[in-house]
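Below is one structure, written out as structure tokens; the observations come after it.
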Amino acid sequence: MTAARRIATFDHDGLVFDVRDTGPLDGAVVVLLHGFPQTGASWTDTAAQLHQRGYRTIVPDQRGYSPRARPRGRFAYRSGRLVADTVALIETLGSGPVHLVGHDWGAVAAWSTAARRPDLVRSLTTVSVPHPGAFLRAMLTSDQLARSYYMFLFQLPWLPEFVLRRLPRVLDRTLTGTGMTPAQIEQVRRDIVRGGALTGGLNWYRAMPFQHPAALRTRVTVPTTHVWSDGDTALSRRSAELAGQYVDAAYRLEVLTGVSHWVPEEAAATLADIIDRTARTPPSRPA
């Protein structure tokens, strides 16, 4: 067997992605996928907790965020490309199937990767955003549609970028309302707005109309835990409750109380415990 080696980047689709590879080199691998409007730095606290539990963590800055992986146009951000990026990362590691974790848009990529390539995923932990099919059903049966108004605004060309760059108070007020701290908001300004990743991040939303309908029906066949927090202003409890209907394996729904949408930073130790439990002992599906 080839000895494990650290990676700092991986290549795919003519793009170069930056990676944070930390923790015990011989530990079981956990791949952590970030969401919008953040980079892999959002996983720093959770990764540190996982290292204490013996895991090696692999955290990419995803498509649109890594400086050398920012293709132009929304078509480059379709679900199939996001899954292919994750597959390329796992195959680059060459260590066999991984424990896959995603938050926000990273959860969408994680759901789809686990469904399409279960051979590469030992366990799945998704945070905040449920399976795409559950999300759509929640939009039709709860207040999820009203919570998701911003997704429709983000479909507009150039205007969201103009507002978020030129009117910083709008960004501050919006993110404060979701539960972000001033330090987190400053990091968004630095890494996303001033760092040139804003359009790439928004293109994940702009590619939504081109998602293949089959993605709404794909099922996950690996042990899965979905994590939802009751302080999440963007995702309804109904969406979380429906997620398990798309898993044909051991499944658990974990509800965190008093926690905002930004779970990896706000509840790092609790989330690490959940990831560890999912990885070590497949959770039981409720009767």
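Based on the alpha-carbon gyration tensor of the chain, what equivalent-ellipsoid semi-axes (square roots of 5 times the eigenvalues) come out, in whole Å, largest first?
Sorted largest first and rounded, they come to 26, 22, 19 Å.
Percent antiparallel among DSSP beta bridges with both residues in the stretch 1-86, to the nearest 5?
Percent antiparallel among DSSP bridges in the stretch 1-86 is about 75.
What are the residues whose amide H is under 5 Å from the amide H of Val98, where those residues sit 5 or more places off or on another chain and H is modelled from the backbone?
Sorted by chain and number, the residues that satisfy this are Val121, Arg122.
What is the gain in length, in nm to one decimal, between Leu216 and Leu145 on full extension, counting 0.36 nm per residue of separation less the C-alpha to C-alpha distance?
Extra length from Leu216 to Leu145 when fully extended: 23.9 nm.
Viscosity 1.567 mPa s, temperature 4 °C: what is the translational diffusion coefficient of the stretch 178-287 from Stokes-Einstein with a Kirkwood Rh over Cα pairs, rounded to a whole number of µm²/s?
80 µm²/s
Roll a 1.4 Å probe over the protein chains and send me the accessible area per residue for the stretch 171-287 in Å².
For the stretch 171-287, the per-residue accessible area is 43 Å².
So, taking all protein chains as they sit and a 1.4 Å probe, how much accessible area belongs to Asp18, in Å² rounded to tens?
Counting only protein heavy atoms, Asp18 exposes about 50 Å² to solvent.
Only loop residues by DSSP count here, and only those with at most 12 other Cβ atoms within 10 Å; note down the trypsin sites (Lys or Arg not before Pro) in the stretch 209-287 that meet that.
Passing sites in the stretch 209-287 are Arg217.
Ordering Asp11, Asp26 from largest to smallest accessible area (1.4 angstrom probe), what's the sequence?
The most accessible residue leads, giving Asp26, Asp11.
Determine the sum of side-chain charges near Phe135: Lys and Arg each +1, Asp and Glu each -1, restricted to other residues whose C-beta is under 11 angstrom from that of Phe135.
The answer is +3.
Give me the net charge for the shell around Met208: Cβ to Cβ below 15 angstrom, other residues only, Lys and Arg +1, Asp and Glu -1.
Result for the local shell: +4.
Please list, in order, the residues from the stretch 59-87 whose amide nitrogen is less than 18 Å from a point placed 7 Å along the Cα→Cβ vector of Thr9.
59-72, 85-86
The values are calculated or read from the model by the stated rules, or taken from the named source; none is laboratory data. Worth saying up front: this structure is predicted, and the values here are computed from it rather than measured. Cβ atoms come from the backbone with ideal geometry, glycine included; neighbour counts cover every protein chain shown. Surface accessibility is based on the protein's heavy atoms, side chains included, excluding ligands, DNA and RNA. Shrake-Rupley method; radii C 1.70, N 1.55, O 1.52, S 1.80 Å.
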